[in-house]
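Here's the structure we're looking at; comments come further down.
The values are calculated or read from the model by the stated rules, or taken from the named source; none is laboratory data. Note that the structure is predicted; figures quoted are calculated from it, not measured. Using ideal geometry, Cβ is built from the backbone for each residue, glycine included, and neighbour counts are taken over all protein chains shown.
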């Protein structure tokens with residue numbers, strides 16, 4: 001069973017036992033730090049793309065991969081009905097302790113309720129795992145939408161991490177089929193996670209996959225470093 005490294009770290013921070021951050025490592029990058037205070041940020045501390053998504057959210061909202069519940073809390077303050085889900089039991093415990101009214105441990109593929117808005121932020125395409133599985137997740141997300149519903153999802157184009165030749169070809173130092181398919185590993189204190197797949201999907205790929213499944217895909221905003229926010233809706 002996968003260790004709940006995220007949940008352990010979030011609980012430590014919430015209860016005032018903050019001594020170190022989560023460390024992450026991928027198959028294409030060296031060890032990096034995920035600061036725990038960042039996961040507890042308020043609206044004013046969030047990147048523009050996240051702020052824009054929260055401003056666009058309306059109606060009954062599903063927050064997928066909610067983490068410490070920062071996005072859910074912002075939406076509750078707007079008076080919206082929010083359901084926050086995460087695979088981490090510790091994260092959900094923190095959400096409830098912070099005041100998220102409806103939070104539960106759940107896999108997105110097991111959710112069947114209908115929503116006006118589904119948000120997937122902090123590289124929302126990551127839960128797709130890889131390019132091959134992306135259509136399965138997008139197809140399921142579509143079934144969660146009310147007739148005029150929307151999916152607000154962000155990601156980044158990792159092309160900047162690779163060498164591009166004069167003809168536009170990409171030299172990718174990875175065994176993966178698509179350059180946005182990463183293998184992640186997390187560690188916190190003495191715990192190290194098993195490796196897990198995490199997908200960064202460029203907008204062109206997201207739009208192509210969405211269109212094939214009868215979803216309209218719009219580019220809503222772009223960040224300073226190849227990141228973007230997209231809105232998906234039923235055609």
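Results, tabulated for the structure shown:
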{"read-out": "Selection count where residues are within 14 Å of the chain's Cα centre (by Cα) and buried (at least 22 other Cβ atoms within 10 Å of the Cβ), scope region 55-90", "value": "14"}
{"read-out": "Single match in 67, 16 (criterion: farther than 15 Å from residue 187 by Cα and without any contact (Cβ under 8 Å) to a residue 12 or more places away in the chain)", "value": "16"}
{"read-out": "Sole exception among (1) modelled with pLDDT of 95 or more; (2) surrounded by fewer than 23 Cβ atoms within 10 Å (Cβ to Cβ); (3) more than 15 Å from the chain's Cα centre (by Cα); (4) not in a loop (DSSP other than H, G, I, E, B) for residue 159, by number", "value": "(1)"}
{"read-out": "Meets criteria (within 15 Å of residue 230 (Cβ to Cβ), in contact with a helix residue (DSSP H, G or I) (Cβ under 8 Å, 6 or more places away or on another chain) and part of a helix (DSSP H, G or I)) for residue 50", "value": "yes"}
{"read-out": "Only one of 56, 62, 39, 87 that is farther than 24 Å from residue 137 by Cα and modelled with pLDDT of 95 or more", "value": "39"}
{"read-out": "Residues satisfying the stated conditions in region 70-99, i.e. in a loop (DSSP other than H, G, I, E, B) and either in contact with a helix residue (DSSP H, G or I) (Cβ under 9 Å, 6 or more places away or on another chain) or touching a residue at least 12 places away in the same chain (Cβ under 8 Å) (or both)", "value": "78, 80, 87, 88, 99"}
{"read-out": "Selection from region 184-211 of residues that are surrounded by fewer than 19 Cβ atoms within 10 Å (Cβ to Cβ) and touching a helix residue (DSSP H, G or I) at 6+ places or on another chain (Cβ under 6 Å)", "value": "191, 193"}
{"read-out": "Total residues in region 91-104, condition closer than 24 Å to residue 34 by Cβ, surrounded by fewer than 19 Cβ atoms within 10 Å (Cβ to Cβ) and touching a strand residue (DSSP E or B) at 6+ places or on another chain (Cβ under 7 Å)", "value": "2"}
{"read-out": "Selected residue [in contact with a strand residue (DSSP E or B) (Cβ under 9 Å, 6 or more places away or on another chain), touching a residue at least 12 places away in the same chain (Cβ under 8 Å) and over 19 Å from residue 203 (Cα atoms)] from 125, 117, 143", "value": "117"}
